[in-house]
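Below is one structure, written out as structure tokens; comments come after it.
Each value in this text was obtained by applying a stated rule to the coordinates, not by laboratory testing. Note that this is a predicted model, so its numbers are computed, not measured. Positions of Cβ are backbone-derived with ideal geometry, glycine not excepted, and every protein chain shown enters the neighbour counts.
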Amino acid sequence: MAKTEKSFPRNFTGCLTCVQVLNLMVLLGFMLNYALRVNLTIAIVEMIFDEKDLQAAANLTDSLNVTENFQHPEHIQQTRYHWDTKQKNHLLGSFFWGYVLTEVPGGRLAEVIGARRVFGYSTLLASILTLLSPWAAALGFGWIVALRVVLGFLLGATWPAILPMASKWVPPMDRSKFMSNMMASSLGAALTMPICGFLIAHFGWESAFYFTGIIGVMWSVAWFAVVYDSPAQHPRISDHERNYLMKALPQDNNKGHNPVPWRSLLSSPAVWAIVITHGASVFGYFTVVNQLPTYIESILKYNIKHNGLLSSLPYLGKYLCALASSVLADSLRRTGRLSTTTARKLFTGFAVGLPGILMIAQAFFGHDRVWSIAIFTVALTINGAVTAGYLGNGLDIAPNFSGTIFGIANTLSSFGGWLSTFMVGELTKHHNTYEQWQIVFFILAGTYTAGALVFTIFGSGELQPWNSPQGAPSKEEQPLNDKEVKV
């Protein structure tokens, strides 16, 4: 492993390369990204009254807005709100109203000015807003909805921003592994839910927002201290690592200013395979992320402490599968056992198609506590293999415009995130029963299966001609066989 420069922070000197530091910060960044959004899904269970609470509160107040100092079962004095099921799902879905607006601009902006600023400032401002969430809720339902819209607006730019950075820092045959860092969002959810469940049970629901907000501010400071947009810009990278990356990757500083070939991009079957499959996969994922805590409480009848722990299991499994499948895919591609196209199709079919079958099983066995948690866990665990499939496919077919492609895919999939909350709200607002949830599971089964079929037919791992400004395919260099630099 190459030694870093003496000016590099002492705790990293001689231990981590700049690429490894980038991997670590991106991993932590995506853990935080989901912590800032799923804190509400676990906190909202204690933010609002259930039917028993409403009967108890009827003797305390006639207000239609809020009852102060409600006596929590754990003897915690905390505020609760009179929000019905429709309002609750309205609040959960409001995040996506802002989220869809900044996906494409965020990806393109990262191609032009760099991901360091786009990802860093978006996360910093989102963390500050998270700290203000209890205050916004106290002002009224409209204020907390507005805050969540702005939060989505900020975090929407973060996901597509990372791909342009990967095109400058990560050699082609290591990109599946790098993309697994994005699935650390699942790890973030897995850790956030039990931690927030514990904090809520002992300190009240406000603590979930304070905890994640403070962590977010701390990460943002570290991000700007150690991450840069390219090896050429990094002030503390060793000459050996810089030379390695400059040879392994094209480092065209003006690349981000090339105009997007919109006609070629939007008429490419390979692009639409990514977009449609991503939308199908994320629709299923967001449905579970936003609704699993409520399902566990209302249908499976677990309390808030068990809720946080059980809700976290699928996300922990998803990250572990993402990491393992990415390492396997990169190894198979590097040794020539699988072409990039075959690897992307194979892992996408596994990651998106199999959860569709499992959702059918959930429709028949989901009323049982053990079976339900097991099926959810296995389905989302398997879904983690998308990192070796379609998730980083934009870097394969058009690295120069990978941020734009991912932005388009995430924009359309974000509508699916809103649609999932609306769908569940409409199906369960009058009858929150297992029979209504069966309809949800059958819809998820059809969506997953359709996404897997589309990518299997139209997906590609070949570099597209329109990736180059001149219309000729640019040569994607193979990673160097340098044992001294581990990236």
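Among His430, His234, sorting on how many other beta-carbon atoms sit within 10 Å of each Cβ, with the fewest leading, yields His430, His234. Here the label points at Phe422 and Tyr121, each 7 Å from Cα along the C-beta direction, are separated by 3.2 nm in the simple model. Taking 0.36 nm per residue of sequence separation and removing the Cα-Cα distance, the Val217/Arg236 pair yields an extension gain of 4.5 nm. Computed 3J(HN,Hα) for region 98-110, one whole-Hz value per residue from the Karplus formula 6.51 cos²θ - 1.76 cosθ + 1.60 where θ = phi - 60°, is x, 4, 6, 7, 10, 5, 5, x, x, x, 5, 4, 5, glycine and proline marked x. If R0 is 45 Å, the Cβ-Cβ spacing of Arg337 and Ala138 corresponds to a FRET efficiency of close to 0.15. Residues within the reach of a label modelled at Tyr434 (point 7 angstrom out along Cα to beta-carbon, backbone nitrogen below 16 Å), restricted to region 339-379, are 360-376. In a shell of Cβ-Cβ distance under 15 Å around Thr456, excluding Thr456 itself, what net charge do Lys and Arg (+1) and Asp and Glu (-1) give? Here the charged neighbours net out to +2.
Of interest is the spacing of the C-alpha centroids, which for region 389-464 and region 93-111 amounts to 16 Å. The H on the amide N of Tyr81, modeled in the peptide plane, is under 5 Å from the matching H of Ile48, Phe49, each at least 5 residues off or on a different chain.
Shape of region 148-283 from its Cα gyration tensor (a ≥ b ≥ c, root eigenvalues): rounded if a/c is under 1.5, otherwise prolate when a/b > b/c, or oblate? Because a/c hits 1.5 or more and a/b fails to exceed b/c, region 148-283 counts as oblate. Shape class of region 121-200 from the alpha-carbon gyration tensor: oblate, with a/c at 1.5 or above and b/c at least as large as a/b.
Distance between the modelled labels on Asp368 and Phe224, one decimal in nanometres: 5.4 nm (7 Å Cα→Cβ projection).
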